[in-house]
Amino acid sequence: MLLLRCPLLLLLLPFDSRPQKLPTRDEELFQMQIRDKAFFHDSSVIPDGAEISSYLFRDAPKRYFFMVEEDNTPLAVTVTPCDAPLEWKLSVQELPEEASGEGSGDPEPLEQQKQQITNEEGTELFSYKGNDVEYFVSSSSPSGLYQLDLLSTEKDTHFKVYATTTPESDQPYPELPYDPRIDVTSLGRTMVTLAWKPSPTASLLRQPIQYCIVINKEHNFKSLCAVEAKLSSDDAFMMAPKPGLDFSPFDFDHFGFPADNNSGKERGFLKSSKFGRQTSPKPRVDLHRVCIGNKNIFTVSDLKPDTQYYFDMFAVNTNTNMSTAYVGTFARTKEEAKQKTIELKDGKVKDVFIKRKGAKFLRFAPVSSHQKITFSIHSCLDAVQIQVRRDGKLLLSQSVEGVRQFQLRGKAKAKYLLRLKGSKKGASMLKILATTRPNKQSFPSLPEDTRIKAFDKLRTCSSVTVAWLGTQERNKFCIYKREVDDNYNEEQKKREQNQCLGPDMRKKSEKVLCKYFHSQNIQKAVTTETIRGLQPGKSYLLDVYVIGHGGHSVKYQSKLVKTRKFC
């Protein structure tokens, strides 16, 4: 993959009659180019095998180019949104004959060459809209001029792009272990101990990997780039990355000012305004990042009691400075000693975290008279044990897996104490709702059987037909598919069964469809769907989400299916 600024590429190529030898790149030239940051500064060219960082103004599209000289060339392109969703599209168009490296005549005028490229839309290869780290991979790409178009419609934002013609040998992003989750191994009032499995990039390939932990009280992050954008969110528009860290440093050329070493001292808008606002980036107090080397266990201290925190882990290849995100987790620190129970409010969903073999106590004291009490529980992972006592009398003791609803007879001025006991296998996460209003249902209703059934006789080389049960309540159902390896087994599927992770955590490309469904006759509350466009002889993991009126979603049991290899 030859990488030059597009006008420069069209001007210089006709003078060079030697064909480019691709996908092998000139390592000496490549290393010289990446050391010379000015080569890529504010450039529309993507370098082969290096990640670039750049900036998008809202509603101002940006286009990047690269050229593949030979047919059947491997190609991988990765786009990482930082602090806003992106719309991006990858397309290719044939090069003019003079740009193929075989012509020897006089070059065409520059404007005429530019028109040959810009007047053609090219063939679209891939498009995406969202804030996931998304990629395009092809083992055999045609020769031509490739263009990557990016757009941010929400706000000004940073992003990163990586492209390579040697994806098998480069492997700049650290590989995740077979179980990429972060485990909470110890939980206290002001500390949480985290553990995770090491990246195979470090343990097997012996490449230098360090782990960076991010702690905050709002949500999990999908990339380290998003974390960096959040840390400097107040000053992202004026912030200039340090030279050497990015191939396309964001500096004041974007504002029309010439770049110089004293630019920061001479411009008045860098000084404090009359309102006292400092322009130097300051990390937010509720978001912290710490890199700990190659250890795979870490204790986070100085936390607040009875506070929910979100933890993210990123494996960073220190040779390439590129990172991969583990599956984030969350945990609530223990209460102060005097606070032995968690108060439940009528009609409010409460998130509860229970460490392995641990227990939590919750108290519900209705403020008004009531005839019935409804407890709705959504266990995200393994089953939990629940006991409900009213004024000291045991009313209920059961094991809860998935979503369960219990309705108990009410009593004036009664107080209810709930005891939740975690699983012996690992930490437990759940959502719980207590209410005196029987029509208040934040969780969608579920049938007793939440399995997805696949019809073997209707299976083809490119489609599978499945069915699942519904209820008498009208709900929205969304089905997602994901291709998995042939050796994907039930143990791997079980590790991913966090039912509290909704469809908003899935890639847009995995979505099949959404539809509303219900039946007044519970015996006929069944729906079928044929999923098309699959590959022959491939395995797929299917998930069905039911979304209730309150916006909460619940995932049915995942189904592993495989298309026929021969038809």
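The values are calculated or read from the model by the stated rules, or taken from the named source; none is laboratory data. Keep in mind the model is a prediction, meaning the values are calculated, not measured. All Cβ positions, even for glycine, are placed from backbone atoms using ideal geometry, and neighbour counts span all protein chains on display. For the accessible areas, the whole protein counts, side chains as well, though only heavy atoms, and no ligand, DNA or RNA atoms are used. Shrake-Rupley method; radii C 1.70, N 1.55, O 1.52, S 1.80 Å.
In whole Hz and in residue order, list the ³J(HN,Hα) couplings for segment 62-69 that follow from phi through the Karplus curve 6.51 cos²θ - 1.76 cosθ + 1.60, θ = phi - 60°; x for Gly and Pro.
10, 10, 10, 10, 7, 10, 10, 7
At what distance in nm do the modelled label points of Ser369 and Thr460 sit from each other, each positioned 7 Å from its Cα along Cα→Cβ?
Placing both labels 7 Å beyond Cα along the Cβ direction yields 6.4 nm.
What accessible area per residue, rounded to a whole number of Å², is obtained for segment 342-435 using a probe radius of 1.4 Å?
Here the residues of segment 342-435 average 50 Å² of exposed surface.
State the percentage of accessible surface on segment 138-220 attributable to carbon and sulfur atoms; use a 1.4 Å probe and exclude ligands, DNA and RNA.
50
Enter the accessible area per residue of segment 452-562 (Å², integer; probe 1.4 Å; all protein chains in place).
53
Using Cα-Cα distances under 8 Å and only pairs 6 or more residues apart, what relative contact order does segment 342-435 have, in percent?
RCO, segment 342-435: 48 percent.
So between Asp156 and Ser138, what do we pick up on full extension, going 0.36 nm a residue minus the alpha carbon distance?
So the extension gain works out to 3.4 nm.
Computed FRET efficiency, Cβ-Cβ of Thr299 and Glu335, R0 25 Å: what is it to the nearest 0.05?
The computed FRET efficiency comes out at 0.80.
Around Lys415, which amide H atoms from residues at least 5 apart in sequence, or from another chain, sit under 5 Å from its own amide H, with H modelled in the peptide plane?
Asp391
Considering only protein heavy atoms and a probe of 1.4 Å, how much of the accessible area of segment 342-435 is carbon and sulfur, as a whole percent?
Solvent-exposed carbon and sulfur of segment 342-435 make up 45 percent of the total.
Just to verify a number: FRET efficiency for Arg532 and Lys424, C-beta to C-beta distance, R0 = 51 Å, to 0.05?
Efficiency at R0 = 51 Å is approximately 0.75.
Which distance in nm do the two modelled labels at Arg437 and Glu70 give, with both placed 7 Å along the Cα-to-Cβ direction?
6.9
Loop-only check: which chymotrypsin sites (Phe, Trp or Tyr not before Pro) in segment 514-567 are DSSP coil with at most 11 other Cβ within 10 angstrom?
Phe566
Quick one: length gained pulling Glu473 to Glu218 fully straight, 0.36 nm per residue minus the C-alpha distance?
Contour length minus the Cα-Cα distance gives 88.6 nm.
Rounded to a whole number, what % of the accessible area of segment 452-562 do carbon and sulfur atoms account for, probe 1.4 Å?
It is 47 percent, rounded to a whole number.
List, in order, the whole-Hz ³J(HN,Hα) value for each residue of segment 289-304 obtained from phi through the Karplus relation with A = 6.51, B = -1.76, C = 1.60 and θ = phi - 60°; use x for Gly and Pro.
With coefficients 6.51, -1.76 and 1.60, one gets 10, 9, 9, 10, x, 9, 6, 10, 8, 7, 10, 8, 10, 6, 8, 8 Hz.
In whole Hz, with x marking every Gly and Pro, tabulate ³J(HN,Hα) for segment 375-389 from phi via Karplus 6.51 cos²θ - 1.76 cosθ + 1.60, θ = phi - 60°.
10, 10, 10, 10, 7, 6, 10, 6, 5, 10, 8, 10, 10, 10, 10
If I stretch the segment between Ser169 and Cys291 completely, what's the gain in nm (0.36 nm per residue apart, minus their alpha carbon distance), one decimal?
So the chain would gain 41.2 nm between Ser169 and Cys291.
So for each of 302-311, 124-133, 191-200 I average, over its residues, the number of other beta carbons within 10 Å; can you give me the resulting order with the highest mean first?
191-200, 124-133, 302-311
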